[in-house]
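Bear in mind these aren't lab numbers, they're just calculated from the coordinates by the rules spelled out. Everything quoted here is computed from the prediction, not taken from an experiment. Quick reminder, even Gly has a Cβ in these numbers, built from the backbone with ideal geometry, and neighbours come from all protein chains shown.
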Amino acid sequence: MDLKGKTALVTGGAKRIGRTIALALAKNGAHIVLHYSTSKDEAQKTATDITALGVKCRLVQTDLSKSADIAKMVSELKKDSVKIDVLVNSASLYFKTPPESADEKQWDTLMDVNLKAPYLLSLAIGREMVKGSGGKIVNIADWSGFRPYKDFMAYCATKGGLITLTKSLARDFAPKVSANAVAPGPVLAPPDMGEEEKAAIAKTTALGKWGKPEDVANAVIFLVENDFVNGIVLVVDGGRSIV
Ligand SMILES: NC(=O)c1ccc[n+]([C@@H]2O[C@H](COP(=O)([O-])OP(=O)(O)OC[C@H]3O[C@@H](n4cnc5c(N)ncnc54)[C@H](OP(=O)(O)O)[C@@H]3O)[C@@H](O)[C@H]2O)c1
């Protein structure tokens with residue numbers, strides 16, 4: 001797909017990796033529908049940076065844990081004749097669920113945002129893509145979706161589910177829609193992570209370092225622009241999963 005003049009919806013696009021993905025799509029000529037939930041100021045700043053690249057940017061605010069809000073967002077875009085050519089599901093929650101304290105509510109919270117929301121969005125937008133001229137779906141998973149790490153049982157399960165969902169979408173929406181996933185390794189530490197822990201994590205990758213948001217964004221661009229990849233998981237983890 002040539003991104004020039006196409007429209008891409010990026011969830012969780014206000015800051016961090018989602019912002020970098022949105023900017024990369026915009027740099028390649030796509031108009032952006034930039035989704036955010038609570039980061040209004042960051043979303044406005046990112047929208048300004050996107051429009052400075054000469055493309056349009058529309059901001060949408062939605063709590064993706066609420067299916068009614070997702071349906072409202074999709075119907076508002078439809079009402080305004082916004083045709084989505086590329087959907088990037090990047091919004092996500094990340095927190096520990098150690099077995100001693102994990103509970104059902106945490107499971108539901110993580111599943112709703114990390115797996116159910118991409119499912120509902122892919123269904124609603126994928127159907128429109130199939131009716132129209134097709135499109136691309138890219139889900140941002142995690143290397144832990146196929147090699148879970150300790151104390152994040154529910155989070156890892158959401159990402160494993162997202163990988164399987166991606167493959168199902170790739171089959172069920174073919175041939176007009178392709179669906180692929182990116183599985184990043186350590187790219188951007190949570191804000192509360194200390195330098196010592198960051199250094200220890202860097203050592204766990206074969207390349208001995210953290211990646212950059214641009215490494216993930218480049219993978220997204222590759223998956224969108226290439227018209228013969230469908231149902232793959234592109235692992236961008238510095239070799240974390242092979243050591
Ligand atoms: N960071 C890494 O090193 C790493 C590693 C592996 C995989 N990943 C994956 O890469 C993607 C981006 O990572 P990241 O670290 O940049 O993500 P992040 O900062 O943890 O979260 C991205 C965005 O998700 C949105 N979000 C959370 N709950 C939401 C809700 N209920 N409704 C709507 N949006 C919600 C937030 O939007 P608002 O701020 O607007 O509320 C947040 O800015 C994620 O899918 C993550 O799992 C990241």
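The protection proxy used here, the mean number of other Cβ atoms lying within 10 Å of each residue, ranks peptides 29-36, 208-215 as follows, highest first: 29-36, 208-215. The distance between label points at GLN61 and ILE242 comes to 4.5 nm (points 7 Å beyond Cα on the Cα→Cβ vector).
Neighbours of VAL233, meaning other residues whose beta-carbon lies under 13 angstrom from its beta-carbon, give a summed charge of +1 when Lys and Arg score +1 and Asp and Glu score -1. Candidate cross-link partners of LYS209 among the lysines, defined by an alpha-carbon separation under 25 Å and a same-chain spacing of 8 or more, comprise LYS15, LYS96, LYS150, LYS159, LYS198. The Rg/Rh ratio of region 114-243, with Rg taken over Cα atoms and Rh as the Kirkwood radius over Cα pairs, comes to 1.01.
For region 7-242, the square roots a ≥ b ≥ c of the C-alpha gyration tensor eigenvalues yield an a/c under 1.5, which makes the shape rounded.
For region 18-65, the relative contact order comes to 43 percent (Cα pairs under 8 Å, sequence separation of at least 6). Using C-alpha pairs under 8 Å with a sequence gap of at least 6, the mean separation divided by the residue count of the chain gives a relative contact order of 19 percent.
Once both labels are positioned 7 Å from their Cα atoms along Cα-to-Cβ, the gap between PHE222 and TYR149 label points is 2.2 nm. Values of log10 I(q)/I(0) for region 28-95 across q = 0.23 Å⁻¹ run -1.18, by the Debye formula with one identical scatterer at each alpha carbon and no solvent. The order of the peptides 218-229, 8-19, 176-187 by mean Cβ neighbours within 10 Å, most packed first, is 8-19, 176-187, 218-229.
For a paramagnetic label modelled on GLU100 (point 7 Å from Cα along Cα→Cβ), amide N atoms under 15 Å away belong, within region 144-161, to 151-152. Summing Lys and Arg as +1 and Asp and Glu as -1 over all other residues whose Cβ lies under 14 Å from the Cβ of PHE173 gives a net charge of +3.
With the simple model of a label 7 Å out from the Cα in the direction of the Cβ, ALA68 to GLU196 spans 4.8 nm.
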